[in-house]
Structure formats: structure tokens, C-alpha cells
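Every read-out reported here was derived from the displayed coordinates using simple, explicitly stated rules and does not represent laboratory data. Please read all numbers here as calculations on a predicted model, not as lab measurements. Counting neighbours? That spans all protein chains shown, and the Cβs are built from the backbone with ideal geometry, glycine included.
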Amino acid sequence: MNTEHIVKSIHRAMVCTTAALGLLGSAGLAHAQIAVGKPKFLGNIIAGNPPGNFSTYWNQVSPENAGKWESVEPVRGQMNWSQLDAAYNYARSNGFPFKQHTFVWGSQAPNWIDGLSAPQQAAEVEDFMRQYCQRYPQTQYIDVVNEPLHAPASYREALGGAGSTGWDWIVWSFQKARQHCPNAKLLINEYGIINDANALNRYKGIVNILKSRGLIDGVGIQTHYFSIDNLAPATITQNLDSLAQAGLPIYVSELDMTGDDATQLARYQQKFPLLWTHPGVAGVTLWGYIEGQTWVANSHLVRRDGSERPALTWLGNYVRSNTGGGGGGMPGKSIVVRARGTSGQERVTLRVGGTAVQSWTLGKTMTNYTFTTSLSGGSTVEFSNDAAGRDVQVDYLSVNGSVRQAENQTYNTGVYQNGRCGGGSGRSEWLHCNGAIGFGDL
């Protein structure tokens, strides 16, 4: 949604310190983030400097406006990354997943894009993606295309237009995002899906086109107040069930509910559990929480004096006492593969029970690559594109925080030992050849 407005930012405070929290520091420092330890995240947006109490409540970050193209490059060739740096670095320093919002959208694009030729437009879109991904390589999620049904990009003809699929411009966008951001999970995002079966069916058509090409990793649904405040609970569940049939994790991407204290509380109590416990939902991001800093009145959860509205108090108690029903149909198994390549071109695949569930192109420094799954069976990390100068070093695989060190595993078919690949007892972090390290059953 177009949420651009002037927002007074508050000074960032040190986590776990009350001295610098100011007006917003009084609420909830005695506990960690609401969804800490849960199989799905409960996040929020950052506009400007991170609020001092952000980490009191939320464990995922999206930039409200700082990641939109108009904010980054209002003048062609002059990039302003400062606010995006602040949000991204805050997420990284706190270990929170970061979701970029957004690459391709019909709103909040720079004005100068419409004055370019089609080839120039396509080149500029790709350059924005490339520069973003080079600057923020540890981004976990990206809203590649935002609101394709309701606000398609004005420059979409330059990206392929409708083409043979009816949505070639979206396919092009995801292809470029995959090329430049190979380690991020690529998402599409749209509003009016949770409450409109016709829009939902059109949206699923786009998702299936992308899925058939291996270009999409999850589906975003905005659930702003105008879609959900008065929506029947049965409709929420019905439409989530329908979208889950696409077989991809669902991310509730822009949640807010309005009303006075009693009305907002009743709405959260009635509707939020349907989102949080749905097995297809992998994470929920709220769209603002501080009074005077939300894009619509009466959607805030924290008052100006730092006190919680009843809906937030209830939300914290509810989430802490409920598992969330898995994460995108993937309960309880949060996988981290910590690895690097020697050239930065190495490709590894995580397999569970023989099924390839996720692949990554490795960087040259040790990085955590994450995946969540409900699958059971043997787990392996497989190196598949060996060539001169390419080797993989795997530090460990962890399951729900339990670490399995690579050098302790006896199954390793890619380490060069005794004159051949896989010729020894394993117990090595290295994959010198195409092969895999086995990390045991999940």
C-alpha cells in the first residue's frame, strides 16, 4: 500500500537498557519478542530509525517506505540507502529476518522512469535489483512484485508486457531477482486477496506460472483494515485454504486492524488466531504499531506514552501460549545450514528424505542459510556444480537450534580423501567434489 507520509522518527535505544528508551521504553522490557521460539515470525515495519521498543515485541523487519524505488533513487543515478541501511542493519544485528519491500510496483516508483525508452526502463529496473542485492546480500525475503492486480507497474511493457503467459513482465521481474538475489526467498504481494475470491483466483494463476518456472518461494497477502476489519472468519479460513493449495508458504504481509480499544481488541481476538494458526501461514508482519506513526488512524498498538493498547496485551499473551500451527505447513523444524564457497559460485542443495527442499548459491564468507520444513527423514547438504577453483566448506547444520557439526558426520561423499572423492571416513567440513554430507534424520 502507498504509506508514504511524514513520520517523526524516535532515537534508537540500546536493547536491554532502560536508560535511553524515552517515552517508548516503558512497555514490556521484561520479556523477549512475542514470537521468540515459535516456528513462524511476528514482525513489523521500521520507518526511519528503529524504535527503541521494537525488539520488545517483534522478530522480523520490513522497511515501510525505505525499500521502495522512489525512496532509494528519487533522482536517476543518485542512490539514497541511508534509511534502508538502518532497517537492514538493525535486523542483522538482532538476528531478525529482513524482508525487502519492494522491487517492482506501480506506486512509489521514481518519476523519471516514465521518460525513458523501454530498453532503458528495463535496464534501470534490473540495476535497482542488482545494486540492492549487492548491498544487502543477507536479505531473507523480497517482495519482488507488489500489487500486480491493483497497481501494476507503468513500465511493465518494457519488462515483457503480458506476453505469452499474460504476465510476462512479472516472470521477467522474478527471473532478474533470482539472478541477482539467489539466496533470498522471492515473494509476490497483493491486497484484496483475503476477502475477494475472484482476485484470489487471478492471483493463484500468477503464482502457478511463477511456481512452474521455479521462480517463487512464497506468497504475500496484505490484510489491511479495509479488507479484514469486518470480514467474516469463515471467509478468512476459506481463502487461506484456497491459497495454500498453491503449495507455497503464505506470508501475511501488511496486517492492521482499527477501532477504539474494545473494537480493536475484539477484532484481533476473532481474526488473528485464524491467521496465526493456519498451517499454510509461515509468518505475519504488522504494518505499524506506534500511535502517530501508522498510516491509518486507530491501528496503533502502543500509545504515545509507551503503554500497550488491550489488543497488544492480548496479542502477546496469545502468541506466547500458542505454537502458531507450524510455518507454511512446516511445523517445528527450523533448519540452518552454515556454509561458504571458495569462489562464490558454488551451489548446494538441502535434501530431506531424498527430496530437494532448498538450494542456495554460496557466498565466500560463512553465512547462515535457513529453511523451515515439516518433512522427516535423512538430511543432506549436497554440492552439485563442482569446477576448477570451487569447493564448499560446511560448518554445521542445525535443527531447531540443535547444532550438528559437519566434521562429526561420517557420511561425506564429496571430501577428497585417500586419493579420491569420498574415499575416507568423512568427518570433514569440506566438499571438494560433487557430493553430500549427511546430517542424520530430522
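Taking every DSSP beta bridge that has both ends in segment 22-320, the antiparallel portion is near 5%. Computed extension length for Asn368-Asp260: 34.6 nm, one decimal, from 0.36 nm per residue of separation with the Cα-Cα distance subtracted. Packing, as the average of other Cβ atoms within 10 Å across residues, places the peptides 61-69, 313-321, 434-442 in the order 61-69, 434-442, 313-321, highest first.
Each Lys and Arg adds +1 at its Cβ and each Asp and Glu adds -1 at its Cβ; summed about the Cα centre, segment 22-320 shows a dipole of about 780 debye. Between Thr165 and Trp112, the distance separating the two model label sites (each 7 Å from Cα on the Cα→Cβ line) works out to 3.0 nm.
Projecting the Cα atoms of Asn368, Ala158, Gln134 onto the charge dipole of the chain (Cβ charges, centred on the Cα centre) puts Asn368 farthest toward the positive pole. Ordering Lys364, Lys271 from the fewest to the most neighbouring beta carbons within 10 Å gives Lys364, Lys271. Database remark: amide H of Trp58 closer than 5 angstrom to the amide H of Ile34 (H placed geometrically; neighbours at sequence offset of 5 or more, or on other chains; Pro and chain starts carry no H).
Computed over Cα pairs, the Kirkwood radius of the chain leads via Stokes-Einstein (0.692 mPa s, 37 °C) to a diffusion coefficient of 144 µm² per second. Net charge dipole, segment 304-392: roughly 120 debye, given to the nearest 20, about the Cα centre with Cβ charges of +1 for Lys and Arg and -1 for Asp and Glu. The stretch between Asn317 and Ala232 holds 28.2 nm of extra length on full extension. This uses 0.36 nm per residue minus the Cα-Cα distance. For Gly163, the residues whose amide H sits under 5 Å from its own are Asp168, ignoring neighbours fewer than 5 places away on the same chain, with H placed 1.01 Å from N. In this calculation the C-beta distance from Ser343 to Arg92 is compared with R0 = 30 Å, giving a FRET efficiency of 0.80. Derived from the Cα gyration tensor, the three semi-axes of the equivalent ellipsoid of segment 105-254 are 27, 17, 15 Å, largest first. Rounded to the nearest 20, the Cβ-based charge dipole of segment 333-441 about its Cα centre (Lys and Arg +1, Asp and Glu -1) stands at 80 debye.
Going toward the positive end of the dipole of the chain, with +1 on Lys and Arg Cβ and -1 on Asp and Glu Cβ, which of Thr294, Asn195, Thr355 do you reach last? The listed residue farthest towards the positive side: Thr355. Summarising the strand pairing of segment 179-311, around 5 percent of its internal DSSP beta bridges are antiparallel. Excluding same-chain neighbours fewer than eight residues apart, the lysines reachable from Lys38 by a Cα-Cα span under 30 Å are Lys68, Lys99, Lys185, Lys204, Lys211, Lys271, Lys333.
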